[in-house]
Amino acid sequence: LTGVLDDCLCDIESIDDFNTFKIFPKIQKLQERDYFRYYKVNLKRPCPFWADDGHCSIKDCHVEPCPESKIPVGIKAGSSNKYSKAANNSKELEDCEQANKLGAVNSTLSNQSKEAFIDWARYDDSQDHFCELDDERSPDAQYVDLLLNPERYTGYKGPSAWRVWNSIYEENCFKPRSVYRPLNPLAPSRGGDDGESFYTWLEGLCLEKRVFYKLISGLHASINLHLCANYLLEETWGKPRWGPNVKEFTRRFDPAETKGEGPRRLKNLYFLYLIELRALSKVAPYFERAVVDLYTGNGHEDAQSKALLLDIFRDTKSFHMHFDEKSMFAGDKKGAKSLKEEFRLHFKNISRIMDCVGCDKCRLWGKLQTQGLGTALKILFSEKEIQSLPENSPSKGFQLTRQEIVALVNAFGRLSTSIKELQNFKVLLQQTR
């Protein structure tokens, strides 16, 4: 897998080097810090599209929620919009009740800040959300320690998994009715009309619709890579041994096994990496402000986490072959606005499909990765709002909840891991030949 990616001026080798030597070691460290390892998620939301076909009973599908006592006090006490120390210094019960009512009000703040918080509560930010967010106040929402629930092969497959991916590809990716071939790579083949004619059609789509398909395909490839790299190789005397499964990797990505499609799927993974990398470089000014504190209640830890995050942002800005999102939605204003809204609603629908995944661990990581990508898209389309942020007060127009921040970093961490695992599989394949 080499050469320049379609729809951007970036080559695979540059991404490999940049990821291996700059990003991967730092993002790994960041994901281990308390602020980023605890993710609040509701794994009990019913599937909104079809009757639930029962949850996966395989033990590796299980997610172990984190006991309240283990959650850092600053994370536990904060409402979804509170990521700064000032916003967490509640003194009275009344303040807490008021904060709950408005979702983001805290009486220890100045009147000016209070007004800004009230504006946030009134501001209908659903217009810039690409994801359906879990209600963190729901009794079913629980904190999960991501380090204790790693994404790996669980054995979840069959009709339930197929239905989820089929719904994502067939009902949400854009395609004209004249194309009969299923977009879903898991679908059975339809004779000779696979391969090149499908991609000729894809190239004929407008950039935005092409990008949408590539993002979904890239996410699918990344998830498949994680499963191949962290596979249950054997279980002897109740001691499981996890590791890379070259045979499974070959089945999913080898050109001969996939009618030439495996390398295309992997290229879409690189494309997705570029999109999320671009979002990280664009959101840097939001976090560079002194008012933003990655608050857990441990001052030393929080300062280190922020310093590491800002260091990663410096690296993302230094990358010289970014995707240019200005090329998207750049036509006539009315058409561009309507296309952007269609793009947003299709993606929001995909985030809702994650509540139909029957395996809890797959659902957890599916929700986190779609939310991370949704947050990246929200950032890319909010450039003006980010540039005009006030330095020392909460921002009204653009804000990120802690849930979105954690999803953004961990989703990009997963892509960084995928590209690193791909290097590993290249070495393993050379050894087996």
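Computed from the coordinates by the stated procedures, all read-outs in this text should not be read as laboratory data. What you see is a predicted model, and the numbers here were worked out from it, not measured in a lab. Glycine gets a Cβ as well: all are built from the backbone with ideal geometry, and neighbour counts include every protein chain shown.
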| said: Restricting to DSSP loop positions (anything but H, G, I, E, B) with no more than 10 other Cβ atoms inside 10 Å of their own Cβ, which GluC sites (Glu not before Pro) remain in segment 321-429? | reply: E391
| Using θ = phi - 60° and Karplus 6.51 cos²θ - 1.76 cosθ + 1.60, couplings along segment 422-433 (whole Hz; Gly, Pro as x) | 4, 4, 4, 5, 4, 5, 4, 5, 5, 5, 8, 7
| field | Full-stretch length increase - E288, K337 - with 0.36 nm per residue and alpha-carbon distance subtracted | value | 14.6 nm
| field | Listed pairs K22/K333; K29/K70; K22/K70; K317/K378; K44/K340; K70/K282 exceeding 28 Å between Cα atoms | value | K22/K333; K22/K70; K44/K340; K70/K282
| field | Coarse-grained scattering of segment 390-433 at q = 0.28, 0.32 Å⁻¹, given as base-10 log I(q)/I(0) from a Debye sum over alpha-carbon atoms | value | -0.92, -1.01
| field | Two-site FRET efficiency, D6 against K384, from Cβ-Cβ distance with R₀ of 35 Å, rounded to 0.05 | value | 0.80
| note | The relative contact order of segment 278-323, taking Cα pairs under 8 Å that sit 6 or more residues apart, comes to a percentage of 49
| request: Read phi for every residue in segment 3-18 and hand back ³J(HN,Hα) as whole Hz from Karplus 6.51 cos²θ - 1.76 cosθ + 1.60, θ = phi - 60°, with x for Gly and Pro. | output: x, 7, 7, 5, 6, 6, 9, 9, 9, 4, 4, 5, 5, 4, 5, 4
| field | Cβ-based charge dipole, segment 1-50, positive-most Cα from L1, F21, Y38 | value | Y38
